[in-house]
Every structure is written in C-alpha cells, then in structure tokens.
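For reference, the structure is listed below as structure tokens.
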Amino acid sequence: MSAIQPNVREPVSDELALVRAAKRGDDKAFEELVRRYDRNVFRIAQHITQNREDAEDVVQDAFLKAYGNLAQFQEQSKFYTWLVRIAVNEALMKLRRRRPERMVSLDEDVKTEDDSLPREVADWSPNPEQMYKQAELREILTRTIQGLPAGFRTVFVLRDVEGLSTEETAQALELSIPAVKSRLLRARLQLRERLSRYFQKRASGDGDQ
Amino acid sequence: MKCSEFLDELTNYLDGALDDRTKSELEDHLAWCHNCYVVCDTTRKTIEIYRNSELYELPDDLRGRLRSAIMSKCAQHKKPGPQGV
C-alpha cells in the first residue's frame with residue numbers, strides 16, 4: 001500500500017510578487033490572487049457553512065478582508081494560508097449565526113469517546129463509486145461529510161480535499177500540529193465508517209448486514 | 001505492532017510521513033491483520049473519493065459575478081483608507 005499522493009496546487013513562486021504589488025495598490029495583482037484562489041475559498045466555505053449563499057458571502061467577505069488588511073500580512077506564511085484562515089473564520093461566523101442554539105467552534109467534539117479501533121470492519125466492493133449513479137454518489141458524499149462536527153470537517157477539507165500540509169492547516173486554524181493530526185484521524189475514520197454503510201461488499205446470501 | 005499502535009500511525013502512514021522502520025513494522029502488521037488492512041485501505045479510498053469528488057465547484061457565471069463584486073468593493077474601499085478587522 002502506498003501513501004496518498006498530495007494534492008498539487010498551482011506554483012506559488014510568483015504569489016509573493018503579486019501580494020507585494022497588491023500592497024502597493026495594484027488592483028490587477030489582487031484580482032489575480034482572487035482568480036487564483038476563489039474556487040478554493042468557495043469550496044472551503046461551502047463545506048463549513050453547508051449553505052450556498054453563505055459560501056458566496058464568505059468568498060466576498062474573505063477577499064475584502066484580505067484586501068483591507070494586506071498591510072498587516074507579514075509574509076511569514078503563504079498568502080493562501082493567511083487567506084484560508086480569514087475564510088475559515090468568516091465561515092464559522094456564518095455557521096454560528098445560522099445555528100445560534102449550538103456553540104460552533106473548531107474545538108467542538110475534541111473529546112470524543114471513540115479512540116478505539118473501528119469495531120465493525122467491512123471491506124468495500126472493488127469499485128464503490130460504480131455502485132451508484134454520479135448524482136447519488138454526490139448526495140451520499142455530501143450527506144456524509146455534513147454529518148461530521150465542524151471542527152473535524154474543517155480539518156478534513158483543508159488537509160484532504162484542499163491539500164494543505166499539516167503545518168499549513170495548523171497555521172490556518174491556529175491549532176497545534178498534534179491537534180490537527182488527531183482531528184484528521186478521527187475525521188477520516190468517521191467518514192470511512194459512514195461510507196462503509198453504502199460501499200461495503202454486498203453479503204453473498206440474502207444479506208445479514 | 002498492535003492494532004492500537006497501527007491506528008496511532010495510520011494518518012502518518014497514509015500521508016507518507018513515517019520513518020522507514022515504523023513503516024516496515026506497520027506493513028508487517030497489515031500483512032497478517034485483515035481488519036487493520038481493511039481499515040487502512042478503505043480510509044485511503046475515503047480520502048480519494050472526496051478528493052476526486054468536486055462536490056462544490058464554483059460555476060463560471062457565479063465566479064465572474066463574485067469577482068466583479070469583490071473588485072468593485074475593493075475600489076470603493078480605497079477611498080476612505082485602511083480599515084481594521
């Protein structure tokens with residue numbers, strides 16, 4: 001078994017040049033940064049807020065905040081990591097407004113009861129994606145990830161969907177590296193377990209699963 | 001390696017972040033422990049399915065509208081001067 005291949009993003013070699021130009025007032029340079037990262041910010045925002053309109057607002061608000069605070073960006077991290085931090089905070093604020101009855105934070109459900117090995121280990125069919133039509137699969141994936149606590153969902157999306165490194169994820173979420181790793185493991189295992197209900201091999205008889 | 005130790009190292013293993021010795025111990029474990037093999041394999045598939053799923057892509061027309069709105073607000077923002085967070 002081999003390691004997961006990292007998600008490759010566009011090269012960032014000229015990112016700093018764009019940021020510096022934008023700091024000097026070059027709006028075309030800032031627009032290029034928007035063009036480069038708007039899809040990522042939208043995905044992250046929609047994963048966190050689970051709401052399309054909120055995600056659209058987050059894209060606008062995050063870039064506007066970045067623009068208004070460019071002078072404060074110290075260039076000690078990648079611009080993208082700094083932008084993600086702003087976007088995650090904006091998205092969490094939206095989520096809190098929508099769900100005032102629940103305190104939503106990146107720390108929620110950190111103490112889970114489940115540090116044990118997965119109990120029911122069912123193998124998946126060889127091609128689980130082919131068991132469902134595309135639209136059905138999207139529905140399953142959406143419903144499954146939406147069931148995760150926001151703190152787990154966010155770490156999973158940044159690390160595994162967007163391809164940030166553990167260190168970048170820790171920076172973006174202002175978490176420690178062990179905290180990122182712990183949440184990532186739990187998020188991955190919880191998603192795996194939930195998807196197993198759909199993807200596990202059909203029992204050969206009349207199915208006692 | 002015990003099953004609980006395998007679980008502790010699973011994320012590092014899938015991310016290719018293990019030293020050679022621990023990786024070899026983990027793979028020895030996977031060779032005989034079917035449950036852990038399945039957990040490892042299906043966790044990897046979970047990550048790959050989400051990574052390839054393109055669940056929330058930004059449609060081109062919406063993308064254009066958002067970018068126009070952002071840049072027009074940026075231009076307005078320039079006039080009054082810097083703003084705090």
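No lab work stands behind these numbers, since they all come straight from the coordinates. Keep in mind the model is a prediction, meaning the values are calculated, not measured. Cβ coordinates were reconstructed from backbone atoms using ideal geometry, including for glycine residues, and neighbour counts include every protein chain displayed.
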In nm, to one decimal, how far is the modelled label at A:Lys133 from the one at B:Ala17, with both set 7 Å along Cα→Cβ?
-> 4.0
Please average, across the residues of A:20-33, the number of beta carbons from any other chain that are within 10 Å of each residue's own beta carbon, and give a whole number.
-> 1
Partner shielding of B:34-41, taken as the mean number of other chain Cβ atoms within 10 Å, equals 5
Average beta-carbon neighbours from other chains, 10 Å sphere, peptide B:52-65 = 5
Using the 10 angstrom Cβ neighbour count as an exposure proxy, how do B:Ser72, A:Ser125 rank, fewest first?
-> B:Ser72, A:Ser125
Yeah, chain B with a ≥ b ≥ c from its alpha-carbon gyration tensor (a/c under 1.5 is rounded, else prolate when a/b outruns b/c, oblate otherwise) is prolate
Placing each pseudo-label 7 Å from Cα in the direction of the beta carbon, B:Asp61 and B:Asp28 end up separated by a distance in nanometres of 6.1
Rh_Kirkwood(the stretch A:15-98) over Cα pairs, Å, one decimal, evaluates to 12.8
Could you calculate the contour length gain from A:Arg97 to A:Glu75, that is, 0.36 nm times the residue separation minus the distance between their Cα atoms, to one decimal place in nm?
-> 4.8 nm
Straight-line reach check, B:Lys23, cutoff 22 Å on alpha carbons, 8 or more apart in-chain or any other chain, hits among lysines -> A:Lys181, B:Lys2, B:Lys45
Between helix B:60-78 and chain B: long-axis angle, C-alpha atoms, 0 to 90°, nearest 10 | 60
The alpha-carbon center of the stretch A:32-53 and that of the stretch A:128-145 are separated, in whole Å, by 21
What 222 nm value per residue comes from the helices of chain B, counting each DSSP H run with n ≥ 4 as -39,500 (n - 2.57) and dividing by all residues, nearest 500 deg cm²/dmol?
-> -24000 deg cm²/dmol
Find how many whole Å separate the alpha carbon centroid of the stretch B:41-80 from the alpha carbon centroid of the stretch A:152-198.
-> 19
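Find me the longest stretch of chain B that has none of the exposed GluC sites (Glu not before Pro), where exposed means in a DSSP loop (not H, G, I, E or B) with at most 15 other Cβ atoms within 10 Å.
On the way: sites that count: B:Glu54, B:Glu57.
Answer from the scan: B:1-53.
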